[in-house]
Structures are given as C-alpha cells and as structure tokens.
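One structure below.
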Amino acid sequence: MSNLLRTATGTACLGLLALTGCAGGSYRPVSDAPVKLGGPYRVRGATYVPAVDPTYDVLGYASWYGSESGNRTASGERFRPDWTTAAHTTLPLPTYVEVTALDTGRRIIVRINDRGPFAGGARIIDLSRGAAEQLGVRAGGQAAVRVRRVEPTADDRARLRKGKRARELPPISEHDRLSLRSQLAAAGF
C-alpha cells in the first residue's frame, strides 16, 4: 500500500472516529448542546412545527414506550428505555419538563430527546418506560398529565444526562390536582 493511500485511509478512519466519538456507532453523545429545533415536518398527514416555548404548560395525556431500546432518538442519542426521557412533537431537543400525574399529584422532571407522540387526540407526551415507572403511570398505559417546561438545576440536568433520576419533587396539593383534573375535563378530554 502506498504512503498516500495509507495516509488517506488513516485520515478517513480518524475522521470517522471523531464523528462517532465515544457514543458508540452513529449515536450522538448525551448533551444539552447543541439544542435541536428543526424545521416543520409531517407525520401521518399532520404537520408539526418545532418551536421554542418557554411558557409551555399543557394538560393532556401521556403514554409510554420502551421496546425501541438501542434505536436512535430524534436528537441523535441512543434510546435507553430505563432513563427518564420523553418524546414531544414540537419542543426543542433537549428540553426539560415537569410532568405531573393528575391521578396522584406525583411530579417528576423529564428530559425530552425524541419526537412523538404521533397518535393524535389528547396525547401530548410519550414517556420512556423509566419515566412512566418513576411517575407511577406505567401500568395504566395512558395517564392524565400536566406537562410544564422547567429549568432544572445543573445537578438535576447532569443526573438526567447520565440516566439517573432528578431530585424527588413533592406532589402537588390535592386542591391543585382536582383543579387541573377539572380543567382537563372542561377541555373535553
């Protein structure tokens, strides 16, 4: 093999290693930067327009997913079903949200790193299996929730990026839980 070919081959291999990094294969390392917004996209006839929304606070339903272990998320990371992550149709990747189960008042912080749900209706978020278990909604398959964008502490962000849970949040008050349930019912859900 000529020196020129060896140099070109070595350069190509180094470039490939730099692109794949330590994430394994073509997965992007888990990181909060860069934030991925993306342009409008269509799924099953519906158009979704990703947007920054610092005041995002929505009532609806959550489902969960977990059989896609090892697949690539929309942010380019490896999907890990036991981590506290989620999919959302339009929030930037990543975005941190507080998810509240309206049946129990339990709250958790979740890192959004994927796109979905694409089932239509009142489903506003797909939780990973780990997030659904942590929130206590896995057994039901679907649960009434409030999803609110938050800015967690640096420690909570670091924990979630490593697959660990954020600090435990106290549940909302019974009064607030019943109020949110009434608002969801009034919206026809």
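Note down the magnitude of the dipole of the stretch 41-186 about its Cα centre, charges +1 on Lys and Arg C-beta and -1 on Asp and Glu C-beta and zero elsewhere, to the nearest 20 debye. Write out the running numbers ahead of the final one.
Numbers: 24 positive and 16 negative charges, 74 e Å.
Charge dipole of the stretch 41-186: 360 debye, to the nearest 20.
Please identify, among 116, 39, 66, the residue showing maximal mean-square fluctuation in a Gaussian network model of the chain using a 10 angstrom Cα cutoff.
With Cα springs under 10 Å in the chain, the top fluctuation among 116, 39, 66 is at 39.
Apply 1/(1 + (r/R0)^6) to the Cβ-Cβ distance of residue 41 and residue 189, taking R0 = 25 Å, and write down the FRET efficiency to the nearest 0.05. Mind showing how you got there, number by number?
Values: r = 25 Å, r/R0 = 1.00.
According to the calculation, E is roughly 0.50.
What trypsin sites (Lys or Arg not before Pro) does the stretch 107-144 have in DSSP loop regions with at most 13 other beta carbons within 10 Å? Could the numbers behind the result be given before it?
Values: sites: 107, 111, 115, 123, 129, 138; in loops: 115, 138.
The qualifying sites: there are none.
Once you put a point 7 Å from the Cα of residue 158 and another 7 Å from the Cα of residue 139, both along the Cβ direction, what distance in nm separates them?
3.6
If you keep only loop residues by DSSP, which GluC sites (Glu not before Pro) in the stretch 40-137 have at most 15 other Cβ atoms within 10 Å of their Cβ?
Details: sites: 68, 77, 98, 133; in loops: 68, 77.
Here the sparse-neighbourhood loop sites are 68.
So if each residue of separation counts as 0.36 nm, and I subtract the Cα-Cα distance between residue 67 and residue 26, what length gain in nm does that give?
12.8 nm
Which ordering of 36, 164 is given by a fewest-first count of other beta-carbon atoms within 10 Å? List each step's numbers first, then the result.
Numbers: 36 14, 164 11.
Ascending number of Cβ neighbours within 10 Å: 164, 36.
Answer with one residue from 140, 54, 89: the one whose Cα lies farthest towards the positive end of the charge dipole of the chain, charges on Cβ with Lys, Arg +1 and Asp, Glu -1.
With unit charges placed on the Cβ atoms, the residue in question is 89.
So for 52, 147, fewest C-beta neighbours within 10 Å to most, what's the order?
Working: 52 12, 147 24.
Taking fewest neighbouring Cβ atoms as first place, the list is 52, 147.
Can you give the local net charge around residue 33? Use residues other than it whose beta-carbon is closer than 12 angstrom to its beta-carbon, Lys and Arg +1, Asp and Glu -1.
Numbers: positive: 28, 36, 157, 161; negative: 32.
With Lys, Arg at +1 and Asp, Glu at -1, the neighbours total +3.
Within a Cβ distance under 15 Å of residue 80, other residues only, what is the Lys/Arg minus Asp/Glu net charge? Spell out each step's value before the answer.
On the way: positive: 28, 72, 78, 111, 129, 159, 161, 162, 164, 165; negative: 68, 77, 82, 114, 126, 133.
Combined, the nearby Lys, Arg, Asp and Glu give +4.
Read the figures in this text as sums done on the coordinates, not as results from a lab. The model shown is predicted, which means the values in this text are computed figures rather than measured ones. Ideal geometry is used to build each Cβ from the backbone, glycine not excepted, and the neighbour counts take in all protein chains shown.
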